[in-house]
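Input: a single structure, listed below in structure tokens.
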Amino acid sequence: MNKIMSHLILCLLLCGTLFFSGCLAEQNETENNTIAVLTDIDDYNITSVSARNGLNGELITIDDEETIDQLIEVLDALNLEEIGLGSVSSRTYYSFKFFHDSTEIYNLSIIQEDLLEINGVYYKVNNTPINMTELRGLVNPLDVSVQRKGEGNDSISSLIKVSTYEMTKVSIINGLSRESGTTENITTIKKLLSDLDSYQMEEPEEPFSNGYRYFLYFYNYSGGVSRVYIVDNKSIEIDNVPYEVVNSSLNMTEFEEFINSKSASDNEGLNAEVSGITESLTIEELDSRSSLIIAGTVTGAYPSRWNTPDGQRPDKPDSELNIGTEDMIYTDVGIHVNKYLKSSYDTQEWVIRVEGGTVGEDSIWVEDAPSFEYGENVLLFLNGNIVTGGYQGKFTMINDTAAVRGDGVSVVITEHYDRWTIAEI
């Protein structure tokens, strides 16, 4: 009898051990999701990768086998955990599409250093955050960080692609007000470059992720263009490569003076204004029609784009454009979320979409669209990434508990236990 009992105990212990091991294996499998586990990538030979820079819209195709392998290796080292987000309305660092010949195998977007999306499902990174510097070097192997390593401080004119002697036109756009100025006066162009060359550039230790305040475009005879994006008074992106100003701070008023002095310059492109009658909404209606309410700080804008797949102007003449309906320019604005007042997401960076902007020679102005200023503290009523009711859903914060709208409407923000209320004063 004792022998039988001993065997039974041993069997029970063995079964328990096997069951526990199985649970651990299942748990480990769940907790150690990687790109290879979550996709079919190991079943295919990836022949090309398309990478879109979410900050400036630049699209790059990678077809070098060694670079593709390195990129997959970097991404596959991430330990991923699925999270229950229905959607994340935030600008992405990079969006990747992996192809076998012409067949798309999977797509992946880097939203934050510890947050990504694979085929529509969101995951957080449980181990080391994504190394954005390493990732950028793989996406753009011609990065200046490799070509100019050790050369020291550079001037802006030495870093842009368009030669000073070939320049025919310069445009400057305020990313938030969307006002722009353009000149083809060579003397003015040289003066602008001379002023910019008083600043010395060097590569930053870490890439920046905020939006931009100003966009400078330098054109040559053949239509080539160099892009200089101003992040703040110490940070610049030149043709997709980030730099820091090391000897002083940028004079932002110079760009605004250029825009104001050239605001009446001739523009051969589209210049349209969209007006409409926006339904008047009470604060209660704004609240009920918004899926999200946030208080945050404006961090900058992103290059305006047409609502086409590549962001460029539709391939049709002005007379066939349906401005305001089928054809539209939009501008994305970055917001750092200081507080969630209705709904909540696991991110402090949000990107809202505002209709209107300038792409090349084409400008569209939308009468009821909200406007923003760099560093402005705002209260926003949102549906996803769209401001509810146009300008009516955007307020400027006066302090932590009060905000005012452009038309004079003021609100007070009050916390009641586990919820916030917003009421007109």
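Remarks
- ³J(HN,Hα), Karplus 6.51/-1.76/1.60, whole Hz, each residue of the stretch 412-418, x for Gly, Pro: 10, 10, 10, 9, 10, 6, 9
- Each of His336 and Ser50 was given a label point 7 Å from its Cα along the Cα-to-Cβ line. The distance between the two points is 3.4 nm.
- With both labels modelled 7 Å from their Cα along Cα-to-Cβ, the Glu285 to Thr103 distance reads 5.3 nm.
- Pairs beyond 24 Å (Cα-Cα), from Lys342/Lys394; Lys234/Lys339; Lys97/Lys161; Lys97/Lys316; Lys191/Lys234; Lys161/Lys190: Lys234/Lys339; Lys97/Lys161; Lys97/Lys316
- Using a Förster distance of 35 Å, the FRET efficiency for Thr308-Glu65 (Cβ separation, nearest 0.05): 0.65
- Charge-dipole axis of the stretch 313-369 as Lys and Arg at +1 and Asp and Glu at -1 on Cβ define it, positive-most pick from Gly357, His336, Thr325: His336
- Charged neighbours of Asp114, selected by a Cβ distance under 11 Å, balance to -2 (K, R count +1; D, E count -1).
- Here the peptides 282-291, 192-201 are ranked by packing, the mean other Cβ count within 10 Å, and the order with the highest first is 192-201, 282-291.
- In order along the stretch 335-342, the phi-based Karplus estimate (6.51 cos²θ - 1.76 cosθ + 1.60, θ = phi - 60°) of 3J(HN,Hα) comes to 10, 8, 7, 8, 7, 8, 9, 8 Hz; Gly and Pro are listed as x.
- Carbon/sulfur fraction of accessible area - the stretch 190-327, other protein chains in place, 1.4 Å, %: 43 percent
- The distance linking the stretch 174-213 with the stretch 346-412 is 25 Å (Cα centroid to Cα centroid, whole angstrom).
- Computed on the stretch 202-246, with alpha-carbon pairs under 8 angstrom and 6+ residues apart, the relative contact order is 36 percent.
- Most to least packed among 133-139, 111-117 [average Cβ atoms within 10 Å]: 111-117, 133-139
- Where the stretch 358-425 is the region considered: accessible area per residue in Å², 1.4 Å probe: 49 Å²
- Accessible surface, the stretch 176-306, averaged per residue in Å² (probe 1.4 Å): 46 Å²
- Over the stretch 297-371, Cα pairs under 8 Å with separation of 6+ residues give a relative contact order of 33 percent.
The values are calculated or read from the model by the stated rules, or taken from the named source; none is laboratory data. Everything quoted here is computed from the prediction, not taken from an experiment. Virtual Cβ from ideal backbone geometry, glycine too; neighbours counted across all protein chains shown. In case anyone asks, the SASA skips ligands and DNA or RNA and just uses the protein heavy atoms, side chains included. Shrake-Rupley method; radii C 1.70, N 1.55, O 1.52, S 1.80 Å.
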